[in-house]
Amino acid sequence: MTHYANPVTLPLAEYRPQHFVLSVEGPVATVTLNRPEKKNPLTFESYRELTDFFHACAKDDAVKAVVMTGAGGNFSSGGDVFEIIGPLVEMDTKGLTAFTRMTGELVKAMRAAPQPIVAAVDGICAGAGAIVAMASDLRLAAPKAKVAFLFNKVGLAGCDMGACAILPRIIGQGRASELLYTGRFMSAEEGERWGFFSRIVPAEDLLAQAAELARVIGTGPTYANTMTKRMLAMEWAMSVEEAIEAEAVAQALCMTTEDFARAYRAFAAKEKPVFQGD
């Protein structure tokens, strides 16, 4: 079964996706999953188009941070039961492997995108929706946010789309094990206490605070922020000694940027630096 999405065109500020809503204001692109009547489930097409979008982010220097959110008071209920789960029951091994690799591509694309990604999570955030939040770099929650890695509830393993690799690194092995073995919901308060969420904010302020956090990041030193995201990912597989050496090389590269020189000149003049991303 082949599912094609709308080709992503640049610049992203002018791109009109078919399967989610995109808005770009200044350095921040906001992606809104927009099927509120079904709690914003993912489909074959939206998986593909989201993946293509995050691949395209690497080619748009104007976008420096991304906000992920959902419409109608929920983040995402995960894979659509009738549009995805139903067809999967009928697929052979080859088709199923193609599907699971395709869903994993979304996480790979999010992690490979140079822009930091801020998830604004309200309401239901379940299954593949929980994975999208997990794959973001930072997460803010509204008080009624509920996160569940539901794979166990539908007879599947918790090892889906990188969950067994990424979730323990965010909240710890024991807590991740509990969520992945039981499929139960994690409340916003629990998620903040465990480190999944950076903070809980009023629902009416959630998107504004996520956008402001993304704007603060987006107006920072772009090359250096990209390097931070790269090193946070790469150092998972390094010894401390290797990591220190890799960071020495990465930081030396950042010291060659004009933004570094700008920061020095601004400090000397007792001004706030205005970073330009070069």
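Restricting attention to region 135-155, the residues that are in contact (Cβ under 8 Å) with a residue 40 or more places away in the chain and not hydroxyl-bearing (Ser, Thr, Tyr) add up to 13. Check region 96-104 and report whether any residue there is open to solvent by 50 Å² or more (accessible area, probe 1.4 Å), modelled with pLDDT under 95 and of a type in the set (Phe, Trp, Tyr). Scanning region 96-104, I find no residue that is open to solvent by 50 Å² or more (accessible area, probe 1.4 Å), modelled with pLDDT under 95 and of a type in the set (Phe, Trp, Tyr), so the answer is no.
Filter region 96-149 for residues that are in a loop (DSSP other than H, G, I, E, B) and among the hydrophobic types (A, V, I, L, M, F, W, C); which is nearest to the chain's Cα centre (by Cα)? Selected residue: ALA113.
Step by step: first the residues of region 10-34, then only those that are among the hydroxyl-bearing types (Ser, Thr, Tyr) and within 29 Å of PRO87 (Cβ to Cβ), then the one that is surrounded by the most Cβ atoms within 10 Å (Cβ to Cβ). Which residue is that? Steps first, answer last, please.
First, pick out the residues of region 10-34 that are among the hydroxyl-bearing types (Ser, Thr, Tyr): 15, 23, 30, 32.
Okay, now just the ones that are also within 29 Å of PRO87 (Cβ to Cβ), so 15, 32.
On the way: TYR15: 17, THR32: 19.
Looking at the filtered set, the residue picked out is THR32.
Of all residues in region 236-257, those that are at pLDDT 95 or above and either in contact with a Ser or Thr (Cβ under 7 Å, 6 or more places away or on another chain) or closer than 28 Å to ALA29 by Cβ (or both) total 6. Residue check: PHE82 meets all listed conditions (1) at pLDDT below 95; (2) open to solvent by less than 10 Å² (accessible area, probe 1.4 Å) but one, namely (2). Test CYS159 against the criterion of being modelled with pLDDT under 95 and open to solvent by 30 Å² or more (accessible area, probe 1.4 Å), and give yes or no. Yes.
Return a yes/no flag: does region 35-49 have any residue that is open to solvent by 50 Å² or more (accessible area, probe 1.4 Å), over 19 Å from CYS125 (Cα atoms), assigned to a loop (DSSP other than H, G, I, E, B) and not aromatic (Phe, Trp, Tyr). No; the residues of region 35-49 include none that is open to solvent by 50 Å² or more (accessible area, probe 1.4 Å), over 19 Å from CYS125 (Cα atoms), assigned to a loop (DSSP other than H, G, I, E, B) and not aromatic (Phe, Trp, Tyr). A single entry from THR9, THR30 fulfils the requirement of being outside any helix (DSSP H, G or I) and in contact (Cβ under 8 Å) with a residue 60 or more places away in the chain: THR30.
Yes or no, residue by residue, for (1) surrounded by fewer than 21 Cβ atoms within 10 Å (Cβ to Cβ); (2) touching a Gly at 6+ places or on another chain (Cβ under 9 Å); (3) of a type in the set (Phe, Trp, Tyr); (4) more than 15 Å from PHE197 (Cα to Cα):
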residue	(1), (2), (3), (4)
ALA109	yes, no, no, yes
GLN115	no, yes, no, yes
ALA135	no, yes, no, no
LEU138	yes, no, no, no
ALA141	no, yes, no, no
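The values are calculated or read from the model by the stated rules, or taken from the named source; none is laboratory data. Since we're looking at a predicted model, the values are computed, not measured. For neighbour counting, all protein chains shown are included, and Cβ atoms are generated from backbone atoms with ideal geometry for every residue, glycine included. What goes into the accessible areas is simple: the full protein's heavy atoms, side chains included, and nothing from ligands, DNA or RNA. Shrake-Rupley method; radii C 1.70, N 1.55, O 1.52, S 1.80 Å.
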